[in-house]
Amino acid sequence: MLFSVLSCITVLLGSNQPTEIGLWDSKVPHLLLDKPADAPTLTIYKPAKEKAVPTAIVVCPGGGYGGLAMGHEGKEIAEYLNNLGVTACVLKYRHAPNYKHPVPLIDAQRAVRFTRYRAMDLGVASDRIGIWGFSAGGHLASTVSTHFSKPESLDANDPVDKVSSRPDFSILCYPVITLEPPYAHMGSRRNLLGANPDQALVTSLCNHLQVTKETPPTFLFHTKADKAVPIANIEMYAEACTKAGVPVELVIYDQGQHGVGLAKKDPVLSKWPLKLQAWLQGRGLLNPARGS
C-alpha cells in the first residue's frame, strides 16, 4: 500500500510490515503527466524492536538504469539489514526509457534527505544514514556520495529539501563508477545519458574523479570474474578515496558473476556479507546507541 509523506508517521510507528511511501506529497519534479505510477517511492522495512539499532540505509537496486532488481538487490537486502537491526529504505527510482539524468539522482538525493528528515519517526539517528547501491544502483549511490553539494532539485518551501543529502557512509557492490570506455558499462551510460552525451557531463559522472575529503566512508565489493562491470571500477574509486583520505574497505573475490547480490547459494561468495557486517560493526553502526 502506498502512503503519502504526511501520513507516514502513524504508519511507521504502527507497523512492522514493509510500507511504501511517496517521496513527495506535492508536485514530483520531472514527472511525466501521463505516468503517475512512475513517482519514486521508498519501501520501509523496519527491524524487530528488540533488534533495532538507530541506523538506516537507503538501498538502490541495480538494473542498468533501465529497470530495477527489486528482489535480490532490494527485498533480500532489506531482510538482511533488518536481521542486523538496521532499518532499510528500498528506493524505487525513475529510469530509462522515460527518465534520464538528472532524474535518478534527484530521486536518490531526495531519498537520503527524506530518511534523514524522518529519522525520529523511523527510530534512527540523523547522522547514521547510509546508502547502498548495486551495479547501476551503485553508480547512483556513488553519485549521491560525491555530488551532495550540487543538489539537482530543491524547493525553498519544502522542509525536506533543507536537510543534507550527504550519506554518512556508502556501500557499493559491483558498481558502475566510470562512464568512459574501456571500463564503463555502456548500456547504463546510454540509458542514463543517451547516445551522444556532452563530454563534460560524462566526466562529471565518472565518480572516481569526483571524490573529495568530504566523500563518506565507503565499503566496496566486487569480483574479478565480473564481465559486465570490470573490477577496475572499484579499484579507481578505492584509489581516489585513499588519495583523498576517505576511509575505504575493499573486498574482492576471484569468482562470481555480475549481479550476485548476497550470493546465498555460493558457499564461498556468500561469506562476503559477513565482511560488510564486520565493517558496519567497526564503524559503530550496529551499536544500539551512541557510545554503547
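Tabulated results
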{"read-out": "Check on Val124, surrounded by fewer than 24 Cβ atoms within 10 Å (Cβ to Cβ), within 28 Å of Gly67 (Cβ to Cβ), of a type in the set (A, V, I, L, M, F, W, C) and over 16 Å from the mean Cα position of the chain (by Cα)", "value": "no"}
{"read-out": "Meets criteria (hydroxyl-bearing (Ser, Thr, Tyr), modelled with pLDDT of 95 or more and assigned to a loop (DSSP other than H, G, I, E, B)) for Thr203", "value": "no"}
{"read-out": "Residue, farthest from Glu73 (Cα to Cα), within the stretch 42-62, restricted to residues that are of a type in the set (A, V, I, L, M) and not in a loop (DSSP other than H, G, I, E, B)", "value": "Ala56"}
{"read-out": "Residue among Gly256, Gly282 that alone is modelled with pLDDT under 95 and farther than 19 Å from Pro47 by Cβ", "value": "Gly256"}
{"read-out": "Number of the exception - Leu201 against (1) touching a Lys or Arg at 6+ places or on another chain (Cβ under 8 Å); (2) farther than 30 Å from Gly284 by Cβ; (3) aliphatic (A, V, I, L, M)", "value": "(1)"}
{"read-out": "Hey, Ala184 in a helix (DSSP H, G or I) and at pLDDT 95 or above or not", "value": "no"}
{"read-out": "Test: residue in the stretch 102-116 that is of a type in the set (Val, Ile, Thr) and closer than 24 Å to Ala195 by Cβ", "value": "yes"}
{"read-out": "Residue match in the stretch 69-91 (condition: loosely packed, with under 14 Cβ neighbours inside 10 Å, over 18 Å from Pro167 (Cα atoms) and in contact with a helix residue (DSSP H, G or I) (Cβ under 9 Å, 6 or more places away or on another chain))", "value": "no"}
{"read-out": "Condition broken by Glu214, with the remaining ones in (1) in a helix (DSSP H, G or I); (2) over 17 Å from the mean Cα position of the chain (by Cα); (3) touching a residue at least 40 places away in the same chain (Cβ under 8 Å) satisfied", "value": "(1)"}
{"read-out": "Residues located in the stretch 235-263, provided they are touching a helix residue (DSSP H, G or I) at 6+ places or on another chain (Cβ under 9 Å) and touching a residue at least 40 places away in the same chain (Cβ under 8 Å)", "value": "Met236, Tyr237, Gly259, Val260, Gly261, Leu262"}
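The values are calculated or read from the model by the stated rules, or taken from the named source; none is laboratory data. These figures come from a predicted structure and were not determined experimentally. Counting neighbours? That spans all protein chains shown, and the Cβs are built from the backbone with ideal geometry, glycine included.
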